[in-house]
Amino acid sequence: MTGGDARVRKIIHIDMDAFYASVEQRDNFLLRGKPVAVGYGRARGVVAAASYEARAFGVHSAMPSVTALRKCPELVFAPPRFEVYRAVSQQIREIFARRTPIIEPLALDEAYLDVTDFLAEGETAASVAEDLRAAVFSKTGLTASAGVSYNKFLAKMASGQRKPNGQFVITPKMGQAFVEALPVKRFHGIGPATAEKMRQLGIETGADLKTCAPEFLQQHFGKAGNFFHAIARGVDERPVRPDRARKSIGAESTFLEDVFTLDAAREKIAPIVQKVWAACERARISGRTVTIKVKYADFQQVTRAHTEPEAVSSAADLLRRGLSLLAPLFPPEKGLRLLGVTVSAFDESPETRQLDFDFSPEKPEDAAGAKTTPRFRDA
């Protein structure tokens, strides 16, 4: 049951297996069975995605390319092809839409589906998930994993239980026990910093989290405390939102050589701005807040943001706003290895709503290669 709704919801979370790397292996038979990293295998490159063969050596997304090669000298780098990944993602979305219109994409390679009201007589959400995974494989040649449960949090957790190419069901009777036994560091929505803070507070499992009063969690984690209190009990009232609005559009670039001067930074940020503005124009949206991200040579990272009354009106306007945020950071004590630009605070009018699975920099696993790239995840 969920809150005041007498029905038990049927939620499926489908997550493609090592999506970008699997597409590369599918399209190039020479890569099949080999450890593959999507990214740029040069000195300043970063792994964007890793095949399961590469993961066996400890290679993972956001890892510097030089580190990945030390762990796996046989690693093969494949430059990312986002236009291909987007096309395959669209094929997968069309398969999902045959079974339910209630689809909430999270990225190119994963989505929530609510099939509560779209099951035939005698059909189960688990059997629908199996059919969808089979259809995806038949159409694309790629495998997917699925989680099935009565809410989004547990469906997401379940999809990781049988990876790759498997699925797992968490029933209402199983929910609380499953959560209690799970380390909080594995909870979706609890990142490494929050998990460490919880550890310092004596919270290491779902059972530990369940013993905490709402007031205690709010004191230490703010508004997120209410969410943590609920999921510790296997409760998540969030609906699957097929019209989820894009929150931001961003791009970033890692440089082959560190940047030390403002003139050099202006030159580097210009193509990033052009890419972000082109994405805004394609989506027919713009925002009032501009954020820049700077990563220094020692990997220290800072962000600066500013909101103006009017939305960004052009690439030149975006460049002006980005440079006004960047200039106070110069001269730097250490070189810059990466710059990023993001536009957010979009208008909420219906014509500006856009699904958030393309250029949005939301994932903590995101990484950029040695040229301007959209941010992405590895799963």
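Read-outs: derived from the displayed coordinates by stated rules, not from any lab. A quick note: this is a predicted structure, and the numbers were derived from the prediction, not measured. Counting neighbours? That spans all protein chains shown, and the Cβs are built from the backbone with ideal geometry, glycine included.
Data overview
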read-out	value
Those residues of the range 225-265 whose amide nitrogen sits under 11 Å from the label point placed on Lys197, 7 Å along Cα→Cβ	225
Calculated Rg and Dmax of the range 175-231 using C-alpha coordinates, Å	10.0, 26
Compactness relative to 2.2 N^0.38 Å, alpha carbon Rg of the chain	1.03
Anchor Lys163: lysines whose Cα lies under 19 Å away (excluding residues fewer than 8 positions away in-chain)	Lys34, Lys152, Lys185
Max mean-square fluctuation residue, GNM over the chain, Cα-Cα springs under 10 Å, options Phe19, Phe118, Phe29	Phe29
Among the listed pairs Lys173/Lys210; Lys293/Lys334; Lys10/Lys210, those beyond 19 Å (Cα-Cα)	Lys10/Lys210
Average projected area [Cα convex hull, the range 19-82], square nanometres	3.7 nm²
With at most 11 neighbouring Cβ atoms within 10 Å, loop GluC sites (Glu not before Pro) (DSSP) excluded, longest segment of the chain	122-309
Three-way shape call for the range 1-153 based on the alpha-carbon gyration tensor, with the a/c threshold at 1.5	prolate
Net length gained if the chain between Asn226 and Val66 were fully extended (0.36 nm per residue, minus Cα distance)	53.5 nm
Nitroxide proxy distance, nm - points 7 Å out along Cα→Cβ at Lys247 and Ala134	3.7 nm
For the chain, built as a Gaussian network whose Cα springs stay under 10 Å, the top-fluctuating residue of Pro172, Pro328, Pro105	Pro328
The chain: most fluctuating residue of Ser138, Ser65, Ser159 per GNM, C-alpha cutoff 10 Å	Ser138
Rg over Rh [alpha-carbon atoms, Kirkwood Rh] for the range 248-352	0.99
Taking the chain and dividing mean pair separation by its residue count, relative contact order in percent (alpha carbons under 8 Å, at least six apart)	19 percent
